[in-house]
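S.K.: Quick one: the structure is below, questions incoming.
Just so it is clear, none of the values below were taken in a lab; they were calculated from the coordinates. In this text, all values refer to a predicted model and were calculated from it rather than measured experimentally. Counting neighbours? That spans all protein chains shown, and the Cβs are built from the backbone with ideal geometry, glycine included.
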């Protein structure tokens, strides 16, 4: 094989590996629960909407961004079972433009999810009052909805 | 799920009570101050309705020789009109029947919404105690027999 061919092959494989890594970084699966999987793309939408709503997190007791996102998905399922319909949160058209990489349907679904979750977690948190009881509840949710975590969890 | 409250539930019940108190539009007809109410929740027997581990509604009562007296009750505002309190009352009615005693409660004469609800649940007015409250209003004693 000529030196030129080897160079071309190296460039080809290098580019291919790079693009694979890039794809994983762009949309990595963070966790799955029951039959759904949630990726970094979903988390980005969640975080952008939370930022627009001026909400720092779902719960101050969440251990970091990943857990807060996980909490938003697991507690949404509980909130739906709870049977109370919260007032739906809304954002302006200008804010919607900041989320242009997502469809209107995706943004609306995220807003609705966050509306439910904030209502439900607020009730729960106020009754739990202590972080250790919150951790027990979070572990219960992970078991109940068979959450399979694919990101590195913070050390206990 | 309906169950009796225990000591662990006290913080949750305090929160439920606070949410109910915060939503009262006419404080004059709400004669419990927070401190007194929390004390009552500690000493009375309390039935709670817990939905997914969240206490959404409660009824506190005391048993005397003559009756079971309801001393406090309520539902978190956003969880109202879903039948939680009614389910608790039905449970308490069963307990009263087991003890062969009627249910009693008192209500501020101007609290017409509560009076209507109690009447709907089969409570009847039996006594009017005048100048009972600090604002000079009467308390209406209502009772519900086991029949």
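S.K.: Which of B:72, B:114, B:21 ends up with the largest GNM mean-square fluctuation for chain B, with Cα atoms connected below 10 Å?
M.R.: Result for chain B, Cα springs under 10 Å: B:114 fluctuates most.
S.K.: With 10 angstrom as the radius, rank A:140, A:76 by how many other C-beta atoms surround their C-beta, starting from the fewest.
M.R.: A:140, A:76
S.K.: Continuing with the same structure: When B:69, B:86 are ordered from fewest to most other Cβ atoms inside 10 Å of their Cβ, what list results?
M.R.: So the residues, fewest neighbours to most, are B:86, B:69.
S.K.: Using a 7 Å offset from the Cα along the Cα-to-Cβ direction at both residue A:91 and residue A:109, what is the distance between the two label points in nm, to one decimal?
M.R.: 1.5
S.K.: Provide the FRET efficiency to the nearest 0.05 for the residue B:130-residue B:110 pair, computing r from the beta carbons and using R0 = 22 Å.
M.R.: Approximately 0.95, to the nearest 0.05.
S.K.: A follow-up question, please. Compute the projected area of the convex hull of the Cα atoms of the range A:29-149, averaged over all viewing directions, and report it in nm² to one decimal place.
M.R.: That works out to 7.3 nm², a quarter of the Cα hull's surface.
S.K.: While we're here: Quick check: pseudo-label points 7 Å beyond the Cα along Cα→Cβ at residue B:23 and residue A:53, how many nm apart are they?
M.R.: Each label point lies 7 Å from its Cα, and together they span 2.0 nm.
S.K.: Residue B:98 to residue B:63: extension gain in nm, 0.36 nm per residue of separation minus the Cα-Cα distance?
M.R.: My answer for the length gained is 11.4 nm.
S.K.: OK, next. With springs connecting C-alpha atoms under 10 Å apart, model chain B as a Gaussian network and identify which of B:74, B:83, B:53 has the largest mean-square fluctuation.
M.R.: The residue that fluctuates most here is B:53.
S.K.: Still on this structure, please answer the following. At 0.36 nm per residue, and after removing the present C-alpha to C-alpha distance, how many nm does the segment from residue A:131 to residue A:100 gain when stretched out fully?
M.R.: Going from the current span to full extension adds 7.5 nm.
S.K.: For chain B, what does -39500 (n - 2.57) per DSSP helix run (n ≥ 4), summed and divided by total residues, give at 222 nm, in deg cm²/dmol to the nearest 500?
M.R.: Calculated at 222 nm, the ellipticity per residue is -10000 deg cm²/dmol.
S.K.: Would you mind listing how long the range B:1-133 runs along its three principal axes, going by Cα atoms, in whole Å with the largest first?
M.R.: 39, 37, 27
S.K.: Within 10 Å of each Cβ in A:126-135, how many Cβ atoms from other chains are there, averaged over the peptide?
M.R.: 4
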